[in-house]
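The values are calculated or read from the model by the stated rules, or taken from the named source; none is laboratory data. If you're wondering where the values come from, they're calculated on a predicted model, not measured in any experiment. Here the Cβ positions follow ideal geometry from the backbone for every residue, glycine too, while neighbour counts run over all protein chains shown. Side chains are part of the model used for accessible areas, which takes the heavy atoms of the whole protein and leaves out ligands, DNA and RNA. Shrake-Rupley method; radii C 1.70, N 1.55, O 1.52, S 1.80 Å.
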Amino acid sequence: QVQLVESGGGLVQPGGSLRLSCAASGLIFSIEPMAWYRQGPGRQRELVALVAASGGTNYLESVKGRFTISRDNAKKVVYLQMNSLKPEDTAIYYCRAVQQGSWGQGTQVTVSS
(Lines give C-alpha, C1' and ligand atoms only; values in the text may rest on other atoms or scores of the structure.)
Protein backbone atom coordinates (compact mmCIF):
# COMPACT_ATOMS: atom_id res chain seq x y z
CA GLN A 1 0.00 0.00 0.00
CA VAL A 2 1.44 3.33 -1.07
CA GLN A 3 1.62 6.07 1.54
CA LEU A 4 2.70 9.67 1.00
CA VAL A 5 2.95 11.80 4.13
CA GLU A 6 3.55 15.53 3.80
CA SER A 7 4.91 17.79 6.51
CA GLY A 8 6.40 21.24 6.90
CA GLY A 9 3.44 23.49 6.17
CA GLY A 10 2.46 26.43 8.33
CA LEU A 11 1.96 30.16 8.59
CA VAL A 12 4.71 32.40 7.24
CA GLN A 13 5.03 36.09 6.49
CA PRO A 14 5.45 37.34 2.92
CA GLY A 15 9.06 36.99 1.87
CA GLY A 16 9.60 34.06 4.20
CA SER A 17 10.57 30.47 3.53
CA LEU A 18 9.26 27.00 4.21
CA ARG A 19 10.45 23.52 3.30
CA LEU A 20 7.88 20.85 2.66
CA SER A 21 8.73 17.17 2.92
CA CYS A 22 6.92 14.13 1.57
CA ALA A 23 7.89 10.73 2.94
CA ALA A 24 6.98 7.84 0.66
CA SER A 25 6.50 4.13 1.35
CA GLY A 26 5.09 1.16 -0.51
CA LEU A 27 6.56 2.02 -3.91
CA ILE A 28 9.86 1.81 -5.77
CA PHE A 29 10.71 5.41 -5.02
CA SER A 30 13.91 5.65 -7.01
CA ILE A 31 12.15 5.13 -10.36
CA GLU A 32 9.03 7.13 -9.58
CA PRO A 33 8.60 10.68 -10.85
CA MET A 34 7.38 12.79 -7.92
CA ALA A 35 5.49 16.07 -7.90
CA TRP A 36 4.06 18.78 -5.71
CA TYR A 37 0.63 20.21 -6.51
CA ARG A 38 -1.33 22.93 -4.76
CA GLN A 39 -4.93 24.03 -4.48
CA GLY A 40 -5.65 27.56 -3.33
CA PRO A 41 -9.00 28.85 -2.05
CA GLY A 42 -11.56 28.74 -4.86
CA ARG A 43 -8.98 27.51 -7.35
CA GLN A 44 -8.28 24.30 -9.22
CA ARG A 45 -5.43 22.06 -8.20
CA GLU A 46 -2.28 22.91 -10.17
CA LEU A 47 1.11 21.33 -10.71
CA VAL A 48 3.80 23.30 -8.89
CA ALA A 49 6.94 21.26 -9.48
CA LEU A 50 8.01 17.84 -10.71
CA VAL A 51 11.23 15.88 -10.29
CA ALA A 52 11.89 12.97 -12.60
CA ALA A 53 13.60 9.75 -11.57
CA SER A 54 16.66 11.13 -13.38
CA GLY A 55 16.56 14.27 -11.26
CA GLY A 56 15.32 16.54 -14.02
CA THR A 57 12.86 19.19 -12.85
CA ASN A 58 9.97 21.28 -14.13
CA TYR A 59 8.23 24.21 -12.43
CA LEU A 60 5.08 26.27 -12.63
CA GLU A 61 6.11 29.56 -14.23
CA SER A 62 5.04 31.64 -11.24
CA VAL A 63 7.34 29.77 -8.83
CA LYS A 64 10.46 29.55 -11.00
CA GLY A 65 13.46 31.01 -9.19
CA ARG A 66 11.68 30.83 -5.82
CA PHE A 67 10.86 27.14 -5.33
CA THR A 68 13.18 24.15 -5.60
CA ILE A 69 12.08 20.53 -5.74
CA SER A 70 14.54 17.80 -4.81
CA ARG A 71 14.54 14.16 -3.85
CA ASP A 72 16.53 11.85 -1.59
CA ASN A 73 16.16 8.33 -2.92
CA ALA A 74 17.92 6.76 0.03
CA LYS A 75 15.42 8.30 2.45
CA LYS A 76 12.48 8.08 0.02
CA VAL A 77 11.65 11.72 0.55
CA VAL A 78 10.83 14.53 -1.86
CA TYR A 79 11.24 18.13 -0.76
CA LEU A 80 9.91 21.49 -1.86
CA GLN A 81 11.99 24.44 -0.70
CA MET A 82 9.89 27.57 -0.98
CA ASN A 83 11.56 30.97 -0.72
CA SER A 84 10.31 34.53 -1.19
CA LEU A 85 6.79 33.37 -0.44
CA LYS A 86 3.86 35.49 -1.55
CA PRO A 87 0.25 35.62 -0.33
CA GLU A 88 -0.81 34.03 -3.63
CA ASP A 89 1.22 30.94 -2.68
CA THR A 90 -1.35 30.24 0.05
CA ALA A 91 -2.79 26.80 -0.65
CA ILE A 92 -2.94 23.21 0.43
CA TYR A 93 0.14 21.52 -0.99
CA TYR A 94 -0.07 17.89 -2.06
CA CYS A 95 2.60 15.36 -2.89
CA ARG A 96 1.97 12.94 -5.73
CA ALA A 97 3.61 9.79 -7.08
CA VAL A 98 3.12 10.67 -10.72
CA GLN A 99 3.14 7.25 -12.40
CA GLN A 100 1.70 5.23 -9.53
CA GLY A 101 -1.01 7.86 -9.05
CA SER A 102 -1.23 8.16 -5.27
CA TRP A 103 -1.71 11.46 -3.44
CA GLY A 104 -0.73 12.58 0.02
CA GLN A 105 -3.22 14.10 2.43
CA GLY A 106 -1.94 17.63 1.91
CA THR A 107 -0.32 20.26 4.10
CA GLN A 108 -1.56 23.83 4.52
CA VAL A 109 0.70 26.73 3.62
CA THR A 110 -0.53 30.19 4.56
CA VAL A 111 1.40 33.31 3.59
CA SER A 112 0.12 36.31 5.47
CA SER A 113 1.30 39.21 7.57
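Determine the share of the chain's accessible area contributed by carbon and sulfur atoms, expressed in whole percent, with a 1.4 angstrom probe. Mind dumping the intermediate values first?
Numbers: 2720 of 5770 Å².
That share works out to 47 percent.
Consider all pairwise Cα distances in the range 17-113 and report the whole-number % of them above 19 Å.
Tail of the P(r) past 19 Å holds 34 percent of the pairs.
Using the heavy atoms of the protein chains alone and a 1.4 angstrom probe, what is the accessible area of the chain per residue in square angstrom?
Value returned for the chain: 51 Å² of accessible area per residue.
Give me the net charge for the shell around SER102: Cβ to Cβ below 10 angstrom, other residues only, Lys and Arg +1, Asp and Glu -1. Please report the intermediate quantities before stating the final value.
Details: positive: ARG96; negative: GLU32.
Net charge in that neighbourhood comes out at 0.
Quickly work out the VAL2-to-ASN83 label distance, labels modelled 7 Å from Cα along the C-beta direction, and quote it in nm with one decimal.
With each label point 7 Å from Cα toward Cβ, the separation is 3.1 nm.
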